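Peer 1: Handing you this structure, nothing more for now.
Just so it is clear, none of the values below were taken in a lab; they were calculated from the coordinates. This one's a predicted model, so the numbers in the text were calculated from it and none came from an experiment. Virtual Cβ from ideal backbone geometry, glycine too; neighbours counted across all protein chains shown.
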Amino acid sequence: MFPDEFYDFLLDGVLTIGLTHYLILSVLLFSLGILCMVTKRNAIGILIGVELVLNAASINFVAFSKYQTGGLDGHIVALFIILLAAAEAAIAIAIFMNFYNTLRTIDVDRGDELRL
Amino acid sequence: MDVFEQALGFYLFAAVALFSAIGIVVTKNIVRAAVLLLGTLGGVACLYFVLSANFLAAIQLIVYAGGTLILIVFGVMLTSKSPFVVFTPSRVQIGIAVVIAVVLATSLCTLLLQVDWSATATDQPIVQSPQVKVVGESLLQQYLVPFEVASVLLLVVMIGAAYLARPEN
Amino acid sequence: MTIFATHPIVTSLAPEFILVLGGVLVLLLGLARRQWLSLVTFAVIALALITACRLRQYGAESVPQLTNDSLLWYARLVGLSVGLLILLVNRHVPEEGERGEFFSLLLFSLAGVLLVAAANNLILLFLALELVSVPTYIMIGLSRRDIRAQEATGKYFFLGAFAAAMMLYGFSFLYGAAGTTVLFGSGESLHTTLKQGGALGDTFVIIGLVLTLGGLAFKVAAVPFHSYVADVYQGAASPVTGMLGFVPKFAGFIAIIRVLSLCDWSYATDATAHNGALFWVLWVLAAATMLVGNTLALWQQNVKRMLAYSSIAHSGYMLVALVAGPGSGPSPLRNGATAVLFYIAVYGVMNLGAFASLAYLRKTGEDGEDSAETLDDIAGAARRYPWAGLALAICVLGLMGFPLTGGFLGKIYVFSAALSASAGTAGHQAMIILVVFGVLNSAIAAAYYMRILASCYLRKPAEGVTASRCPALRLSIACCAIIVLATFFRPGLLFDRSSEASVDVQARTSMQENNQSSASTATTFAGLPPQ
């Protein structure tokens with residue numbers, strides 16, 4: 001029904017998962033992360049966008065590790081990325097808390113500063 | 001794992017991760033976005049299993065999906081009805097961002113499709129059984145300095161978080 | 001040294017260890033004796049500096065995880081010396097209730113700068129860059145109890161997190177191209193693989209390098225990630241802003257030099273494809289950064305915002321020298337890397353001096369005392385406080401690139417290195433255009449610097465402006481002004497050190513046979529300082 005090339009493509013390109021599949025997934029996650037970062041007004045939305053980009057980077061590292069080097073270097077980088085994500089989330093929360101602490105000490109009549 | 005299992009695993013979990021990510025971008029509700037992030041993180045963790053990075057997958061589930069996500073949900077609670085707005089993108093800016101993201105994605109994809117992987121591909125299998133042991137050993141040998149710097153970084157975050165979030169005198 | 005007969009890692013990272021341990025010590029001491037904290041911090045930085053000098057003198061066993069070259073030595077020398085000045089400027093910043101957190105964060109941030117220079121591994125480079133940035137996020141938030149400062153912190157943090165993620169994504173492609181995370185070395189390293197065009201050809205190297213440079217642009221406040229600068233510089237307290245102009249930028253430029261020396265970065269005629277692409281990316285970044293910084297600075301009434309935009313423009317000037325690459329010979333007149341290293345040191349001091357002078361002038365506003373900010377606040381300051389006015393004038397003239405200041409030499413070096421290093425390469429025409437554009441930009445920039453001087457010297461003294469009584473602040477302002485002048489009249493010291501620093505950079509970049517990182521042959525160059 002289909003030419004032979006189609007079946008070859010199906011077998012090699014679609015069914016046999018290779019590095020390219022993972023890289024394309026990570027590119028898509030990266031672009032979605034950028035979109036999320038730019039379009040969200042809420043600060044947490046931006047943080048979620050950053051998480052998407054970090055995950056895209058981890059997928060790259062682990063996939064390269066499996067298909068290109070065979071070592072565990074990529075896994076270790078991914079571990080450090082997870083650590084970084086946790087650290088950044090903690091800082092973000094602390095920044096919000098500080099913002100509210102400051103907000104409470106400010107008079108109501110000076111609220112116009114908030115509309116920056 | 002044989003070819004079909006790999007393909008099934010990849011497409012299933014990649015779809016979970018990707019559609020959750022699309023949901024995050026599309027939704028206006030920030031709580032929903034935080035919940036959808038769980039889908040992406042979980043999908044990526046399962047992809048690590050498919051990539052035979054078992055230890056990493058476990059860590060991703062425990063630390064990332066278990067810990068970091070909780071922090072993010074706390075952040076959502078703190079900011080959902082607040083004046084804390086960092087950026088205010090206009091409609092034009094959002095349009096430009098969409099165009100840039102689409103162009104970036106398509107151009108990177110086409111670039112990636114042109115690369116011939118077979119030249120440098122490895123047959124060397126990833127260390128299977130005691131993966132934790134190998135990771136642990138290299139963290140204390142080859143990656144000792146980054147490991148220590150990471151601990152200093154966490155110390156800084158701890159000081160900073162405790163200090164920034166302290167109650168007002 | 002012999003007392004601590006320890007692991008070679010501890011020996012070769014001794015100054016960094018001292019800074020980190022000192023940071024912990026300051027935290028612990030902060031629970032009890034608050035008044036001595038700045039003194040202890042000063043002693044820690046000074047001790048680290050002395051250790052670095054001893055280490056340079058006696059040498060350290062080389063460790064494969066770390067680079068041990070003259071650029072590291074330069075980073076230690078300049079980073080710690082300016083660090084001392086930064087500490088003096090910031091001495092009065094911490095509030096009553098704080099227990100040493102501020103100073104310990106400063107120490108951790110400085111340790112991060114040194115680790116960026118010491119990193120021989122993508123992961124370590126990345127973590128060190130984060131160690132530079134994370135304390136600065138917190139310090140900005142702490143420096144002022146003001147809603148604007150908090151929002152500026154938020155902006156800085158989220159943009160920084162995003163830039164870091166993007167850089168990491170770029171790193172993942174570099175890792176994919178080379179199959180290793182080691183930066184330099186005779187064995188398997190990014191440097192040796194990328195020199196041969198990359199295992200996977202140019203595609204990966206270009207994607208990786210462009211994304212990495214994009215992320216590093218945040219650290220140096222260059223164009224794709226410059227939008228935070230004005231708000232953050234205005235929001236943070238002036239002394240902290242002075243620090244922001246040096247610490248992240250210095251780390252960022254060292255990281256850029258490291259990343260660019262992985263590949264063959266000057267645009268040679270027989271070059272492989274990736275440095276052509278790289279050349280144009282950097283070219284556009286440099287031109288856009290200068291233009292954006294200077295044009296936006298022209299319209300400002302607020303001196304802090306003005307200096308913030310000028311800080312963007314200065315990053316643009318430094319990028320001009322980086323576009324050209326190391327060129328030939330270590331002298332800053334011919335070598336782009338040397339010129340940048342010279343410029344960033346002088347710029348750091350000039351900028352710090354300018355912000356310290358602003359911090360010296362106190363105005364009492366509705367929410368208590370604060371440092372002078374607008375052109376009106378500094379009106380006539382030179383009449384009432386002639387010495388502070390003179391120091392501000394010297395630093396601003398230095399930023400302008402006026403002769404008799406180090407800023408003048410810095411600009412000469414940057415532009416001459418850009419022309420000389422690109423001579424004979426395919427990018428020479430484009431470099432000439434860029435240099436002309438840069439010179440035009442510095443001429444435009446003179447206009448807004450003159451407004452600061454005019455307000456300071458020609459207008460009537462403003463009401464309600466007093467002077468700070470912190471002795472450390474006065475001392476630091478005097479030091480900054482003297483250094484800005486001294487770098488013009490006696491440039492030899494900095495000139496030699498920066499030339500020395502780029503010898504190893506150049507040895508890596510030039511396509512020579514010996515891939516071994518030359519053990520810093522400081523005495524081989526015959527370049528003599530001018531005059």
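Peer 1: What order do you get for C:185-194, C:400-409 when each peptide is scored by the mean count of other beta carbon atoms within 10 Å, highest first?
Peer 2: In descending order of packing, they fall as C:400-409, C:185-194.
Peer 1: I would also like to ask the following. Quick one: if the Förster radius is 25 Å, what FRET efficiency do C:ILE444 and B:VAL103 give, using the C-beta to C-beta distance and rounding to 0.05?
Peer 2: 0.15
Peer 1: Can you pull the mean other chain C-beta count within 10 Å for peptide B:10-23?
Peer 2: Rounded to a whole number, the mean comes out at 4.
Peer 1: Moving to a separate point now. Expressed as an acute angle from 0 to 90° and rounded to the nearest 10, what is the orientation of the C-alpha long axis of helix C:492-509 relative to the principal long axis of chain C?
Peer 2: Helix C:492-509 and the main axis of chain C meet at about 30 degrees.
Peer 1: When a/c reaches 1.5 or more, the comparison of a/b and b/c decides; with that in mind, is the protein assembly as shown rounded, prolate or oblate per its Cα gyration tensor?
Peer 2: prolate
Peer 1: Between rounded, prolate and oblate, where does segment C:88-187 land on the alpha carbon gyration tensor, with a ≥ b ≥ c its root eigenvalues, rounded for a/c under 1.5, else prolate if a/b exceeds b/c?
Peer 2: It comes out oblate by the Cα gyration axes.
Peer 1: With charges set only on the Cβ (+1 for Lys and Arg, -1 for Asp and Glu), what does the dipole of segment A:4-106 come to about its Cα centre, in debye to the nearest 20?
Peer 2: So the magnitude is around 800 debye.
Peer 1: Once you've got the Cα coordinates, tell me which of C:LYS219/C:LYS460; A:LYS40/C:LYS249; B:LYS133/C:LYS249; B:LYS28/C:LYS155; A:LYS66/C:LYS155 are over 31 Å apart.
Peer 2: C:LYS219/C:LYS460; B:LYS133/C:LYS249; A:LYS66/C:LYS155
Peer 1: Say each of B:ALA162 and C:ALA426 gets a label point 7 Å from the Cα, pointing the same way as Cα to Cβ; how far apart are those two points in nm?
Peer 2: 5.6 nm
Peer 1: Can you give the angle from 0 to 90° between the axis of helix C:428-458 and the longest principal axis of chain C, with both taken from C-alpha atoms, to the nearest 10?
Peer 2: Long axis of C:428-458 versus the principal axis of chain C: about 10 degrees.
Peer 1: Between A:ASN101 and B:LEU113, with labels modelled 7 Å along Cα→Cβ, what's the label distance in nm to one decimal, could you check?
Peer 2: Simple spin-label model gives 5.3 nm for this pair.
Peer 1: Across peptide B:53-63, how many C-beta atoms of other chains are within 10 Å of each residue C-beta, on average?
Peer 2: Partner Cβ neighbours, averaged per residue: 4.
Peer 1: Can you give me the distance in nm between label points at B:ASN29 and C:THR364, each placed 7 Å from the Cα along the Cα-to-Cβ direction?
Peer 2: 5.4 nm
Peer 1: I'd like the mean, over residues of C:413-426, of how many other protein chain beta carbons sit within 10 Å of each residue's own Cβ.
Peer 2: Going residue by residue through C:413-426 and averaging, the value is 0.
Peer 1: Among the complete DSSP H segments of chain A, which ones combine at least 24 Å of alpha-carbon extent along their axis with a mean Kyte-Doolittle hydropathy of 1.6 or more?
Peer 2: Membrane-span-like by this rule: A:19-39, A:43-64.
Peer 1: Working from Cα positions, state the angle (0 to 90°, nearest 10) between the long axis of helix C:247-260 and the longest principal axis of chain C.
Peer 2: Taking the Cα atoms of chain C, the angle to C:247-260 is about 10 degrees.
Peer 1: Could I ask something else about it? I'd like the antiparallel share, as a percent to the nearest 5, of DSSP beta bridges with both residues in the protein assembly as shown.
Peer 2: 100 percent
Peer 1: What FRET efficiency do you get for B:ARG91 and C:ARG34 if R0 is 60 Å and r is their Cβ-Cβ distance, rounded to the nearest 0.05?
Peer 2: 0.70
Peer 1: Here is a follow-up. Go through B:68-78, C:343-353, B:136-146 and give me the packing order, highest mean Cβ count within 10 Å leading.
Peer 2: C:343-353, B:68-78, B:136-146
Peer 1: Need one word for segment A:4-106: rounded, prolate or oblate. Basis is the Cα gyration tensor (sqrt eigenvalues a ≥ b ≥ c); a/c below 1.5 gives rounded, then a/b vs b/c decides.
Peer 2: Oblate, because a/c is 1.5 or more while a/b does not exceed b/c.
Peer 1: Please find the FRET efficiency linking C:GLU463 to C:LEU485, where r is the Cβ-Cβ separation and R0 is fixed at 35 Å, and quote it to the nearest 0.05.
Peer 2: For R0 = 35 Å, the calculated efficiency reads 0.65.
Peer 1: Further question on the same structure: For every helix of n ≥ 4 consecutive DSSP H residues, a contribution of -39,500 (n - 2.57) applies; sum these over the protein assembly as shown, divide by its total residues, and give [θ] at 222 nm rounded to the nearest 500 deg cm²/dmol.
Peer 2: Taken over the protein assembly as shown, the calculation gives -23500 deg cm²/dmol.
Peer 1: Please list C:380-386, C:418-424 highest first by mean number of surrounding beta-carbon atoms within 10 Å per residue.
Peer 2: Order by mean packing, descending: C:418-424, C:380-386.
Peer 1: If you take every residue apart from C:ILE123 with its C-beta less than 14 Å away from the C-beta of C:ILE123, what net charge results, scoring Lys and Arg +1 and Asp and Glu -1?
Peer 2: That works out to -2.
Peer 1: Roughly how big is the protein assembly as shown's charge dipole about its Cα centre, with Cβ charges of +1 (Lys, Arg) and -1 (Asp, Glu), in debye to the nearest 20?
Peer 2: 2620 debye
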